[in-house]
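Data first, discussion second: the structure below is written as structure tokens.
The values are calculated or read from the model by the stated rules, or taken from the named source; none is laboratory data. If you're wondering where the values come from, they're calculated on a predicted model, not measured in any experiment. Reconstructed Cβ throughout: ideal geometry from the backbone, glycine too, with neighbour counts over all protein chains shown.
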Amino acid sequence: MIVKTIFSGFGGQGVLMMGLSLAHSAMNSGYHVTYLPAYGAEVRGGTANCTVAIADEEIASPVASEPDYLVAMNSPSLFTFQNKLSAGGTIFLNSSIVEDRPNRLDVKVCAIPCGDIAQELGNSRVANIIMMGIFIKKTNIVPAEMYLKNLELIMGSKKKTVAEVNRKAFAAGFDYVSDN
Amino acid sequence: MAKKVFGRPKSLKENIFHYCPGCGHSIAHRLIAEVIDELGIRGITIGVPPAGCAVLAYNYFDFDMIEAPHGRGPAMATGIKRTLSDRVVFSYQGDGDLAAIGIAESFHAANRGENISVIFINNAVYGMTGGQMAPTTMLEQKTTTTPAGRHKTLDGYPVKVCELFSPLKGVTYVERCTVTSPANINKTRKAIKKAFQCQLDSLGFSLVEILSPCPTNWKMMPIDSCKWIDEVMSKEFPLGMFKDNITQEKKIAEAV
Amino acid sequence: MNKVLMSGNNIIGEAAIRAGCRFYAGYPITPQNELTEYMANHMRNTPDGVFIQSESEIAAINMIAGASAAGARVMTSSSSPGISLKQEGISSMAACELPGIIVNIMRGGPGLGNIRPSQGDYFQATRGGGHGDYRTIVFAPATCQELADLTMDAFDLADKYRSPVMILADGMMGQMMEPVVFKKPKARIYSEKFILQGAGTGKSKFIRGLILDAIDMEEHNWKLARKYKIIAENEIRYEEHQIEDAQMVIVAYGTAARIAKGAIKRLRDNGLKVGLFRPITLWPFPELNLRALSAKVKNFLVFEMSTGQMLDDVRLSLQGYAKIDFHGRPGGAVPTPSELANVIARNYDKND
């Protein structure tokens, strides 16, 4: 089994954190894993994306020519990557700011207003963690508890409140969708 | 019993200098060796000779040395000193080495306040390669690459190292001397000693510039070369102390 | 020891410090900045550790040369244009027989090029790079685990042969994160007699590369050449992947080799018997090992993220015993395994 996911959005939306936390969880679940951030000239507010590959065998290329999942936190991400997605793959959309929908019929779409849910929780910055709740529920790549443990690990558990906020946000996403 | 009043410094090997008659390198070498003997630091000194006439300095100095690529002496000395901070590390550099190809390495070592000493031989010409223009060549001075004399609009102006380096905050001690007379030679020896002592006391970067005759490439007799330094060169490159923060730095060091 | 997820650049830094590197000098350049920053952050918490952000790559290489002469384990790092600047110092270190590690996280070139992953510096790395008759050992890791292991090994080999050693990776290797386990470093073996630390009460010594007498210089060159011969006999490393039944063998290193493995998986799923020969030391090049393969395989394809540089070494190794094709993507474009698989399949069918 090998699963490749592209996380993409504006710089500042925490898309690298999404990929990194997933990669960590998968590593500590015993999988082979690669995490490849797109890098470039340093620009704040530009686009950011990363690719995470998770497999039960050695991973050849960390690049995803045909990712199984795309997590698009903004519209440019959807346009950039939708055609790369492998047939039967799933696109996760932050529908709070992505109004467009994929022009392909051979992929599943999971459009969730992560930004709005975050607002309701009173912290617009946790949209990415809400999306991770949705992503983990739908893909089931790693157990939810495993994910949360690793998220706390890489965020540094200095502030208990941060961990609490993230757990709440994750649960909000996780419970928002049904599994299938 | 006769008392020995003059002899070869212990820090000099028995080899005969290959330098031309009247060249300032031989005197500068001897002064450095005398100072090292006097301070009793032969065993802990590491010298970094340059590319240029003094590239063979390790044939003469009897303490540890490592050659640096052209201009990189202060970078190499930085690496040595930061690794062995209780050693006395100095670079010996010519005008092309310090003020042209190695100006960046020299400037930044000074600016970092590396606790090293630089002995800078300024003879206004590239000696070893046969008398081409140096960054310190005087205006109107003829060299093999300025056959009509150094021209300000073509070649720019003489680079004044002491004036350039002394305002840097990392620099503790800067003096310009020459070796044209016994009195000047004594002053130079004192300056070198001061520079090494500054390093021994961990007070920061020190630089001694020595206006040094190059009779061969100046196409002058040795005596005329000394006269030219006194009458012409030292007008462009005035002798004297440019910076002496030793006392000040000592107070700061003692306060800590 | 625990598995940790780290980026390639950080892994090199951590492995170096664990291996006893106590002097690092470097100058910022993308895509290796994380390594310089890692050293800045961690050297200050390492006893006797020195970090200097140098004024240039030229200064950095000469700083590590000085620190190496003074007995420290040393490293500098850069990316392609910066490595060009370091060549003067690398040549000088080879001449003076000073150990040290130079990391090149390659980017697209020539000139300033770009900051994308590339393999255009193969010639420079494997042919000495600077002026004069010398070689440097060149490691080409392909995984983050290998980055860690080879970085540690590089320090041991640098000391063993008193020679600069280069780690040649690319922007992707530097930026990518993979799980890594740091092995226990070996104790350093390096004779005091090579270290310049002041003469004490003894005889003074000097380290130099300037040898004006032609016969003496010739002898120095031959002495170095004998050393390189011993290295070539003892330090070759390579990986063979699925070559047992291979009808065709891909020769690739570093990131390109990873892509090749992905392509080979696809091809094998479709019944094409393709294997991979991956040099891990680019110099010394596993010449005889590759030639031995030509006894049973007659169809080779060299794949590089360049216009074809290692290709020369493959030709020299195979000496006409087999057909060699080439696929290259220079300038920072990272091809996909499927693209490469198509190229391989085309050449596989062409096999006569």
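Exactly one condition in (1) of a type outside the set (Phe, Trp, Tyr); (2) farther than 28 Å from C:GLY66 by Cβ; (3) modelled with pLDDT under 95; (4) part of a loop (DSSP other than H, G, I, E, B) is false for C:LEU210; which is it?
(2)
Within segment B:223-239, can you find the residues that are more than 9 Å from B:LEU211 (Cα to Cα) and either in a helix (DSSP H, G or I) or modelled with pLDDT under 95 (or both)?
Here is the first cut: in segment B:223-239, the residues more than 9 Å from B:LEU211 (Cα to Cα) are B:223-228, B:230-232, B:235-236, B:238.
Once the filter is applied, which keeps residues that are more than 9 Å from B:LEU211 (Cα to Cα) and either in a helix (DSSP H, G or I) or modelled with pLDDT under 95 (or both), segment B:223-239 yields B:ILE223, B:ASP224, B:SER225, B:CYS226, B:LYS227, B:TRP228, B:ASP230, B:GLU231, B:VAL232, B:LYS235, B:GLU236.
When C:LYS265 is evaluated against the numbered criteria (1) away from chain A (no Cβ under 14 Å); (2) over 24 Å from the mean Cα position of the chain (by Cα), which criterion, by number, is the only one it fails?
The one condition C:LYS265 does not meet is (1).
At least 3 residues that are in contact with a helix residue (DSSP H, G or I) (Cβ under 9 Å, 6 or more places away or on another chain) and more than 29 Å from A:SER86 (Cβ to Cβ) in each: list the helices (runs of 4 or more DSSP H) lying fully within segment C:243-352 that qualify. Before you say what the answer is, go through the steps one by one.
Values: elements: C:254-269, C:287-293, C:310-318, C:337-350.
Hits in segment C:243-352: C:287-293, C:310-318.
Mind telling me which of the residues B:THR172, B:THR153, B:THR143 ends up being crowded, with 24+ Cβ neighbours inside 10 Å and either modelled with pLDDT of 95 or more or closer than 30 Å to B:LYS250 by Cα (or both)?
Numbers: B:THR153 fails: crowded, with 24+ Cβ neighbours inside 10 Å; B:THR143 fails: crowded, with 24+ Cβ neighbours inside 10 Å.
Just one listed residue meets the conditions, B:THR172.
Just the residues that are touching a His at 6+ places or on another chain (Cβ under 9 Å) and among the β-branched types (Val, Ile, Thr), please, taken from segment C:286-330.
Within segment C:286-330, just C:VAL302 meets the criteria.
Which numbered condition in (1) part of a loop (DSSP other than H, G, I, E, B); (2) under 29 Å from A:ASN28 (Cβ atoms); (3) among the hydroxyl-bearing types (Ser, Thr, Tyr) is the only one that A:SER96 fails?
That leaves (2) as the condition not met.
Looking at segment C:1-33, which of the residues that are farther than 15 Å from C:GLU178 by Cα and within 13 Å of chain A (Cβ to nearest Cβ) is surrounded by the most Cβ atoms within 10 Å (Cβ to Cβ)?
Restricting to residues being farther than 15 Å from C:GLU178 by Cα and within 13 Å of chain A (Cβ to nearest Cβ), the top hit is C:GLN32.
Working only within segment C:22-36, note down all residues that are touching a helix residue (DSSP H, G or I) at 6+ places or on another chain (Cβ under 7 Å) and assigned to a helix (DSSP H, G or I).
Quick first cut of segment C:22-36, residues touching a helix residue (DSSP H, G or I) at 6+ places or on another chain (Cβ under 7 Å) only: C:23-29, C:31-32, C:34-35.
C:GLU34, C:LEU35, listed by residue number.
Which one of the conditions (1) at pLDDT 95 or above; (2) closer than 27 Å to A:GLY30 by Cβ; (3) part of a helix (DSSP H, G or I) does A:GLU152 fail to meet, given that it meets all the rest?
(1)
Could you go through segment A:28-42 and let me know if any residue there is among the β-branched types (Val, Ile, Thr), within 14 Å of chain C (Cβ to nearest Cβ) and surrounded by 19 or more Cβ atoms within 10 Å (Cβ to Cβ). Even if it seems obvious, please write down each step before you answer.
If we filter segment A:28-42 for residues that are among the β-branched types (Val, Ile, Thr), which is where we start, we get A:33-34.
Within this subset, residues satisfying the condition of being within 14 Å of chain C (Cβ to nearest Cβ) are A:33-34.
So of that shortlist, the ones also surrounded by 19 or more Cβ atoms within 10 Å (Cβ to Cβ) come out as A:33-34.
Yes: one or more hits.
Taking the condition of being in contact with a helix residue (DSSP H, G or I) (Cβ under 9 Å, 6 or more places away or on another chain) and either surrounded by fewer than 19 Cβ atoms within 10 Å (Cβ to Cβ) or aromatic (Phe, Trp, Tyr) (or both), how many residues in segment B:175-184 meet it? Quick ask: steps written out before the conclusion?
Of the residues in segment B:175-184, the ones in contact with a helix residue (DSSP H, G or I) (Cβ under 9 Å, 6 or more places away or on another chain) are B:175-181, B:184.
From the residues that got through so far, the ones that are either surrounded by fewer than 19 Cβ atoms within 10 Å (Cβ to Cβ) or aromatic (Phe, Trp, Tyr) (or both) too are B:181.
Within segment B:175-184, residues that are in contact with a helix residue (DSSP H, G or I) (Cβ under 9 Å, 6 or more places away or on another chain) and either surrounded by fewer than 19 Cβ atoms within 10 Å (Cβ to Cβ) or aromatic (Phe, Trp, Tyr) (or both) number 1.
Could you please let me know if C:PHE300 is under 22 Å from the mean Cα position of the chain (by Cα), of a type in the set (Phe, Trp, Tyr) and modelled with pLDDT of 95 or more? Walk me through how you get there before you give the answer.
On the way: under 22 Å from the mean Cα position of the chain (by Cα): no; of a type in the set (Phe, Trp, Tyr): yes; modelled with pLDDT of 95 or more: yes.
Here the answer is no, as C:PHE300 does not meet what is asked.
So A:GLU58 clears everything in (1) touching a Pro at 6+ places or on another chain (Cβ under 9 Å); (2) of a type outside the set (Gly, Ala, Ser); (3) over 18 Å from A:GLY133 (Cα atoms) except one condition, right? Which one?
Result: A:GLU58 fails condition (1) only.
For C:GLU239, which of the numbered conditions (1) within 13 Å of another protein chain (Cβ to nearest Cβ); (2) under 18 Å from the mean Cα position of the chain (by Cα); (3) buried (at least 24 other Cβ atoms within 10 Å of the Cβ) fails to hold?
Against the list (1) within 13 Å of another protein chain (Cβ to nearest Cβ); (2) under 18 Å from the mean Cα position of the chain (by Cα); (3) buried (at least 24 other Cβ atoms within 10 Å of the Cβ), C:GLU239 comes up short only on (3).
If I ask for residues that are without any contact (Cβ under 8 Å) to a residue 40 or more places away in the chain, within 7 Å of another protein chain (Cβ to nearest Cβ) and either closer than 22 Å to B:GLY204 by Cβ or of a type in the set (Val, Ile, Thr) (or both), which ones from segment B:40-76 would you list?
Once the filter is applied, which keeps residues that are without any contact (Cβ under 8 Å) to a residue 40 or more places away in the chain, within 7 Å of another protein chain (Cβ to nearest Cβ) and either closer than 22 Å to B:GLY204 by Cβ or of a type in the set (Val, Ile, Thr) (or both), segment B:40-76 yields B:ILE66, B:ALA68, B:ARG72, B:ALA75, B:MET76.
Can you tell which of C:MET39, C:MET63 is away from every other protein chain (no Cβ under 13 Å), assigned to a helix (DSSP H, G or I) and either closer than 12 Å to C:ILE102 by Cβ or at pLDDT 95 or above (or both)? Let's see the steps before the verdict.
Working: C:MET63 fails: away from every other protein chain (no Cβ under 13 Å).
It is C:MET39.
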